[in-house]
Amino acid sequence: MRTAAVVAILVIGLLLSAAVAIFVGAVAISPVDVLGALLGSDTTNGTIIRELRLPRVLGAALVGAALAAAGAMLQGLLRNPLADPFVTGTSAGASLGAVLAVALGASATIVPLASFAGAIVAIAVVWRLARLGGRTTVLTVLLAGVVLTSFAGAVVTFVLVSSDRLALRLRAVLGWLQGGVSVISWSELAVAAAVVMIGLTAALLLAPRIDAYAFGEDTAAALGIDLERTTAGVLATTALLTGAAVSIAGLIGFVGLVVPHALRFVLGATHRRLVLASLPAGAIVLVLADLGARTLITPAELPVGVITGLVGAPFFLVLLVRSRQVIV
């Protein structure tokens, strides 16, 4: 009952947040004109709303939902609130795949697939590195993620400097890497949405198995969980979600870290509940963050990653103090 109430409140909050983000922007448009644009009026305002503002709001909601769900799954699998796509290297791998695709002249529909491929390779490398020398621990996964993130960042910088194609768009690409929702076309949004829907379906199916990891891998195995298949499934699913998110929003931190961790105080550690609630909660966070990025210093625009970092870091510290957890 509590889960249904929380999810219902979050869905209502998402609808309100999306409405505000559609009606408010860098260009002042009256509510009447916004409604007319949504209904199909063929004016300049109509183009701004339907081709720029609306797909960007929907893209922000999609990215926030994907990152929050991925964070909930990784935190459950690794049994650590520090785990999220950013710190485990998945986001870095996804960004490298996307940058390479753009540098090679790939179309907008190919970039999400390249981003997913990069995320899959990154998480596979991290998992392999973490298993060197025997048993995998949370610390080795996080250290491997840090190493891979640094390496991927260096490769991305090399590609940016050496590619003539990217040199002409260097400012835009750097802004994207710092986190910025950029939906070029409805077809690009549709591809990313399809990938995210597949990932979310897999997340909901895998969520009950992740619950068994709460008391360790040995206990999960004793309960009949296939550890290798479950781990591979979770990592592939988070790579799918992260790849789609990075392809249209670049590197955005703290959403996958803070949102599921905060929801645990309300819903407990049952992962199907957490994943369900993380979808609208993550979407709300990123829709509002993107709105702030668009409007705080108009006519200039901040990277969304700046907003999520400024808000997310102190909020996460507050959560750590309240939960009395010490993370070494």
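Each value in this text was obtained by applying a stated rule to the coordinates, not by laboratory testing. Given the structure is predicted, the values throughout are model-derived calculations rather than measurements. Cβ coordinates were reconstructed from backbone atoms using ideal geometry, including for glycine residues, and neighbour counts include every protein chain displayed.
A few comments on the model shown:
- Each label was represented as a point 7 Å from its Cα along the Cα-to-Cβ direction; for Ser107 and Ile198 these points are 1.7 nm apart.
- What the Kirkwood sum gives for the chain is a hydrodynamic radius of 20.0 Å, with every pair of different alpha carbons counted.
- Measuring r between the beta carbons of Val27 and Arg229 and using R0 = 45 Å, the FRET efficiency lands at 0.35.
- Computed over the chain: relative contact order in percent, which uses C-alpha pairs under 8 Å that are six or more apart: 31 percent
- Helical contribution to [θ] at 222 nm, DSSP H n ≥ 4, -39,500 (n - 2.57), averaged over the chain, rounded to 500: -24500 deg cm²/dmol
- Degrees, to the nearest 10: 2-23 long Cα axis against longest axis of the chain: 30 degrees
- Highest mean packing comes first when the peptides 48-59, 284-295, 64-75, 84-95 are listed by Cβ atoms within 10 Å, giving 64-75, 84-95, 284-295, 48-59.
- Label-to-label distance for Leu35 and Ala190 is 3.0 nm, based on points extended 7 Å past Cα in the beta-carbon direction.
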